[in-house]
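Worksheet for the structure shown next.
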Amino acid sequence: MTAQLTTDVAQAAAILRSGGLVAFATETVYGLGANALVELAVARVFAAKQRPTFDPLIVHLADANDLATVACDVPEPAQRLIEAFWPGPLTLVLPKQPVVPDLVTAGLGTVAVRVPAHPMARELIRLSGVPIAAPSANPFGRISPTTAQHVLDFLSEEIDMVLDGGACVVGVESTVLECSADGSVRLLRPGGLTIEEIEACIGPLAARGPTILDQHSPQVSPGLLAQHYAPRTRLLIVEDWAAAPYGENTGVLAFTAIASPENYGAVEILAPDGSLETATARFFAALRRLDEADVELIIAQRFPDHGLGRALNDRLIRAAGKWSEG
Ligand code: TXA
Ligand code: MG
């Protein structure tokens, strides 16, 4: 099987309805979609990604009004977040309805739900007529895809179709929040919606930082794995370019312009304008280009620790995790 690349939303919806796998653009990253209510279809997602089944999937809806089909007991802060930020890069973990298969939720009593903002994604879900389970459309643990070609590069033989919706405008995955019955809200994964925006809406979060756990700790949310989003090339986070390795075997992932770019084998400047939005939109594609460049080491600096910078630092630390654990 080789995935077909298309912009035909109706055809893609028909494949989803019949239990097939369709990768599709969202505003965050490309998702690998399957009918969330059919266990066999969901099983194909885990197989295609080689994703361990302890790692639950996000269920995507076309409209917030469909929430009751998959989740129940929506606490007040969650309601306010939905009104403020859906459709958009926000995933809420809520008590699940029995109709959602255990495979989707890894046996948890909760389900992660979001309404994506990309018009093509919403049209796809609406036409398919069912909730769509979709993790990011990359092999497990690898760099997330932000273009249709990124999906084809690694999953073309495993899936039926890629719905080309252009390059993702946000560029990192959704922010995941756990909403408890007592009204407390906890951050499980920083992402495309910033903590500042969330706290301006519902007040201070009960917990603000995902803890980076090692592979053997009990999983609160398996997205907390210390190694994730990883290139094959060694990645090192450095404090100071001047004291860091250089040379033609070294690639640089930089937020803004650097001194002496000629000292390196490859340089990716994410945001010459210093905008975190621009850097986020370009982050995963730049990491892929460096991974494909003829370098043996990629060096990167931390981003400013506010706004989207938090999500970028989280991805950077996990991408480097494979090498920093020793
Ligand atoms: O932006 C996104 O969220 C993208 C696009 C395609 O929508 N999707 C995505 O899915 O990033 P994935 O599977 O790569 O990440 C899902 C995250 C994981 O960290 C998973 O552990 C967490 O959500 N998650 C899913 N269900 C959960 C649950 N019931 N409780 C806690 N965490 C959950
Ligand atoms: Mg992912």
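Quick rundown of the values:
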quantity: Single match in 104, 162, 111 (criterion: within 16 Å of ligand 2 (Cβ to nearest atom), buried (at least 23 other Cβ atoms within 10 Å of the Cβ) and over 15 Å from the mean Cα position of the chain (by Cα)); calculated: 104
quantity: Test: residue 169 is surrounded by 19 or more Cβ atoms within 10 Å (Cβ to Cβ) and modelled with pLDDT of 95 or more; calculated: no
quantity: Complete set of residues in the range 268-300 that are within 18 Å of residue 238 (Cβ to Cβ), within 24 Å of the chain's Cα centre (by Cα) and β-branched (Val, Ile, Thr); calculated: 269, 298, 299
quantity: Lone unmet requirement of (1) out of contact with any Gly (no Cβ under 6 Å at 6 or more places or on another chain); (2) closer than 22 Å to residue 228 by Cβ for residue 134; calculated: (1)
quantity: Subset of the range 114-127 that is out of contact with any strand residue (DSSP E or B) (no Cβ under 7 Å at 6 or more places or on another chain) and touching a residue at least 60 places away in the same chain (Cβ under 8 Å) - its residue that is surrounded by the fewest Cβ atoms within 10 Å (Cβ to Cβ); calculated: 126
quantity: Verdict on residue 95 being touching a residue at least 40 places away in the same chain (Cβ under 8 Å) and within 15 Å of residue 173 (Cα to Cα); calculated: no
quantity: Residues located in the range 151-196, provided they are small (Gly, Ala, Ser) and within 12 Å of ligand 1 (Cβ to nearest atom); calculated: 165, 171, 174, 180, 191, 192
quantity: Scan of the range 207-233 for residues that are surrounded by 14 or more Cβ atoms within 10 Å (Cβ to Cβ) and modelled with pLDDT of 90 or more, ordered by number; calculated: 231, 233
quantity: Test: residue in the range 254-266 that is within 18 Å of residue 144 (Cβ to Cβ), at pLDDT 95 or above, surrounded by 16 or more Cβ atoms within 10 Å (Cβ to Cβ) and not assigned by TED's automatic domain parsing to the domain that holds residue 196; calculated: no
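The values are calculated or read from the model by the stated rules, or taken from the named source; none is laboratory data. Since the model is a prediction, treat every value here as computed from it, not as a measurement. Positions of Cβ are backbone-derived with ideal geometry, glycine not excepted, and every protein chain shown enters the neighbour counts.
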